[in-house]
Amino acid sequence: MADDEKDGKVTYVVNLMSSPITARVLSDKSVVTEEYVKLFSSTEQSVKEANGYGVDVGVPEVGDLGVKYDTSSESQQKEQSLKEGYKKLQHYLQTAGFVTIAPFRSLRFSTAKRLNYVTIFVDGILKCSDNWNTSDAEVYVDHDATIGSNTKVKIAPYYDDDLFSHAFQAKMVDALEKFKELYRYAKSSDGAKVVSGSTSKEIAQCGVDFIGMNFASSELLSIVAQRWFGASVKRLYAFGVEIETMPKDEVAYLLKEISQQALDLSDAWETLAGWYMQMSDQIEKTIEDIIKDNKDAEQAVKDIREAKQKELDERLQHQHKWGTGAKIGLGILTLGAAVPAMNAHNERMDEINEKFRSQLDDAVKGMEEIAEVVNKIENLSKSLDEMTKFCKLMAAYFQLQFQNFKNWGSTHATQAADIGFLSWSPEKCATWIIDLNRASFQSYETAIQKKLVKKKRGGSELKKINAEWLEDVCDVEPADAAAMEAGIKGLTVAGEVQYKFVKKTWDDDVKWMETQQKSIESVNKFLLRIQINAAFIEKGVVPTMRKAVVLKTFKNVEISPQKSAQKILQ
């Protein structure tokens, strides 16, 4: 812990809500006047009503907040008023030391004194006023907008922007809940006014494929955790294992097995990275189609409104209604007989005009309704952005694991090969010696094999076999015995060098294993949380076929998103 934290000079503000908050921490009391309290509240409300995500300190223009207005004069006036108020509010907030804290994030404030004054706006409302002072190290805004604090830092470190942080996990669970809401809304009577049937099917496909992919990844991570770290690796690199006391032939055997499995897993990680990149592209395509549907729906109702307006304008321009003077004049000439007909004509024209005006009003109302639907779909579609980010992070993570396991596996596979002879049987040793020069040594094979088996001299005893022993015990000619000894020395010396290196790097390997294990367990825990809290199940949707993972060193276990999704959908 830093010295300033010990002295109480650091205060963390943690935002546990799914919307931004605006906060400041000062060592001296500074009051927010009623004018700016009201201005913040009204600006926040106006920004959100115009499809923005809320006030964000440091963002200079309301357009950068997602604010959208139509082209009517009334809307233009509202926009201009909001721009002026927002500019004034921005100047004040920045000058007064406020910052915006994103959802599920923490921010560190350094001050000169132990006792600090905290001010927090939540959803445009001043929830934590200027006279609230605290010496606590951590202040948090809970998911229900309540304010709390801790004397010591407890939760702030978990809310950074890391893949495994509480912040990212909370955002993902929240996004997947909104994704399910998006799909339900797209299929509703209101949503169907905007989202086409084909786009609705794409959303469902994304949901099924996404959860199937996460289930499949979780299956692989579980195998790695239980059958690799929990079994193979544990025998060589577990806590308490002393490599110095282990038989060399056992070390050689285990190292070979573990390195082969690591290479097998590296291929699996690469396949998973490919899954998530494909999923990312699939989600981005769905986002594009939703945007297109939104624009098409808005344009369709806009076209209807313009057509109705044009039709009414043309009718008013060309229609003929009898005026009062005309009715008096013609009435005199016809002794009043024409007046009732003239009145009836005018009434019919009024009815027709009223009908067209009503149709125009309906068209305008339709535009407003569609705008509301589009607005809701746009907000819910932001969940797809989070899913895309997740897929890209997972792809990057598994690509990194691919490189980690490939490098480790390749290096240790070479080591395992060089010291592999330590686990050879006497029969294998005899065959290897003869194969040094089979054309010249084949006549000795039976004798050498018989003696090695009798003496139980396997790979770990191979270095004890020299020219003298071969001559005396196996009746090998001196020149051939010397050649055999040279070959054996070449193998055993290289093996001894590698074995020393294996022992030297053993501690580093243990740390590498611990790091990878914690990382993999963390990701798996995250995926399980997603499955429990945000599983998406839609009957009738066939999972997309993707390349399967086949773990050859784990009895050919096969894992694929489509198989995992089918288990859920059944």
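Just so it is clear, none of the values below were taken in a lab; they were calculated from the coordinates. Remember, predicted model here, so these are calculated numbers, not experimental data. Note that each Cβ is placed from the backbone with ideal geometry, even for glycine, and that neighbours are counted across all protein chains shown.
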Completion exercise
Neighbours of Lys292 by Cβ distance under 12 Å: Lys/Arg at +1, Asp/Glu at -1, summed charge -4
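Can you give the Rg to Rh ratio for the stretch 43-129, taking only C-alpha atoms and Rh from Kirkwood? Walk me through the intermediate numbers first.
Working: Rg = 15.0 Å, Rh = 14.4 Å.
Radius of gyration relative to Kirkwood radius: 1.04.
Quick check: residue separation of Thr146 and Thr411 times 0.36 nm, minus the Cα distance between them. What number comes out in nm?
On the way: separation 265, 0.36 × 265 = 95.40 nm, distance 5.38 nm.
Extending this stretch completely gives an extra 90.0 nm.
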Handout entry: Simple spin-label estimate for Glu378 and Asp28 in nanometres, 7 Å along Cα-Cβ
Key = 4.3
Fill in the blank from the handout: Around Lys256 (Cβ within 12 Å, Cβ-to-Cβ, excluding Lys256; K/R +1, D/E -1) the net charge comes to -4
Problem - Relative contact order (%) - the stretch 414-541, alpha-carbon pairs under 8 angstrom, separation at least six - result: 26
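In the calculated pair distance distribution of the stretch 1-104, what percentage of Cα-Cα distances lie above 23 Å? Show your work: numbers first, answer last.
On the way: 1908 of 5356 pairs.
That fraction is 36 percent.
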Exercise for the section: May I ask for the Rg/Rh ratio of the stretch 425-480, computed from Cα atoms with Rh as the Kirkwood radius, given to two decimals? Expected result: 0.91
Handout entry: Label point distance in nm, Arg438-Phe501, each placed 7 Å from Cα along Cα→Cβ
Key = 2.9
Handout entry: P(r) histogram, all alpha-carbon pairs of the stretch 514-570 included - 5 Å bins from 0, percent
Key = 4, 15, 15, 20, 25, 13, 6, 1, 0
Exercise for the section: Using a 10 Å cut-off on Cβ atoms, rank the peptides 144-157, 408-421, 540-553, 101-114 from the highest mean neighbour count down. Expected result: 408-421, 101-114, 540-553, 144-157
Exercise for the section: Using only Cα positions of the stretch 461-535, each an equal point scatterer, no hydration layer, compute I(q)/I(0) via Debye at q = 0.12 Å⁻¹ and quote the log10 values to two decimals. Expected result: -0.58
Problem - Leu528 versus Lys193: modelled label distance in nm, points set 7 Å from Cα along the beta carbon direction - result: 4.5
Handout entry: Calculated from backbone phi, Karplus (6.51, -1.76, 1.60) coupling profile of the stretch 173-187 in Hz, x at Gly/Pro
Key = 4, 4, 5, 6, 5, 5, 5, 4, 5, 4, 5, 4, 5, 4, 8
Fill in the blank from the handout: Ranking Ser75, Thr100, Asn116 by how far each Cα lies towards the positive end of the charge dipole of the stretch 1-128 (+1 on Lys and Arg Cβ, -1 on Asp and Glu Cβ), the top one is Asn116
Practice task
Per residue of the stretch 400-410, in order, report the coupling 6.51 cos²θ - 1.76 cosθ + 1.60 (Karplus, θ = phi - 60°) as ³J(HN,Hα) in whole Hz, putting x for Gly and Pro.
Solution key: 5, 5, 4, 5, 4, 6, 5, 5, 5, x, 5
Problem - In Å, descending, principal axis extents of the Cα set of the stretch 241-311 - result: 95, 19, 7
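Which of the peptides 397-403, 55-61 is most tightly packed, and how do the rest follow, going by the mean number of other Cβ atoms within 10 Å of each residue?
Values: 397-403: 17.7, 55-61: 15.9.
Most protected by this proxy first, the peptides run 397-403, 55-61.
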Completion exercise
Sorted by chain and number, the residues with a modelled amide H under 5 Å from that of Tyr12, at a separation of 5 or more or across chains, are Phe109, Glu138, Val139
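Considering only the other residues whose Cβ falls under 14 Å of the Cβ of Gln562, what net charge follows from Lys and Arg at +1 and Asp and Glu at -1?
On the way: positive: Arg546, Lys547, Lys563, Lys567; negative: Asp209, Glu219, Glu558.
With Lys, Arg at +1 and Asp, Glu at -1, the net is +1.
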Fill in the blank from the handout: Which residues qualify? For Val32, with a placed amide H closer than 5 Å and at least 5 residues away or on another chain, they are Asp130
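If you take the square roots of the eigenvalues of the alpha-carbon gyration tensor of the stretch 115-155 and sort them as a ≥ b ≥ c, do you get rounded (a/c under 1.5), prolate (a/b over b/c) or oblate? Mind dumping the intermediate values first?
On the way: a/c = 3.13, a/b = 1.24, b/c = 2.52.
Oblate is the answer for the stretch 115-155, as a/c is 1.5 or above yet b/c matches or exceeds a/b.
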Practice task
Show me 252-259, 90-97 ranked by packing, highest mean number of other Cβ atoms within 10 Å first.
Solution key: 252-259, 90-97
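Tell me, what does the Kirkwood hydrodynamic radius of the stretch 431-557 come to in angstroms if you use every pair of distinct C-alpha atoms?
Details: mean 1/r = 0.0496 Å⁻¹.
That comes to 20.2 Å for the stretch 431-557.
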Fill in the blank from the handout: Along principal axes, largest first, the alpha-carbon spread of the stretch 46-200 in whole Å comes out as 58, 40, 24
Practice task
With a/c under 1.5 counting as rounded, go ahead and sort the stretch 192-306 into rounded, prolate or oblate using the C-alpha gyration tensor (a ≥ b ≥ c being the square roots of the eigenvalues; past the cut-off, prolate if a/b is larger than b/c, else oblate).
Solution key: prolate
Completion exercise
Once Ala447 and Gln299 are pulled to full extension, the length gained, defined as 0.36 nm per residue separation minus their Cα-Cα distance, is 44.0 nm
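Compute, for the stretch 1-111, the length of the dipole vector about the Cα centre, with Cβ point charges of +1 (Lys, Arg) and -1 (Asp, Glu) only. Units Debye, rounded to 20. Could the numbers behind the result be given before it?
Details: 13 positive and 16 negative charges, 26 e Å.
Taking the Cα centre of the stretch 1-111 as origin, the dipole is about 120 debye.
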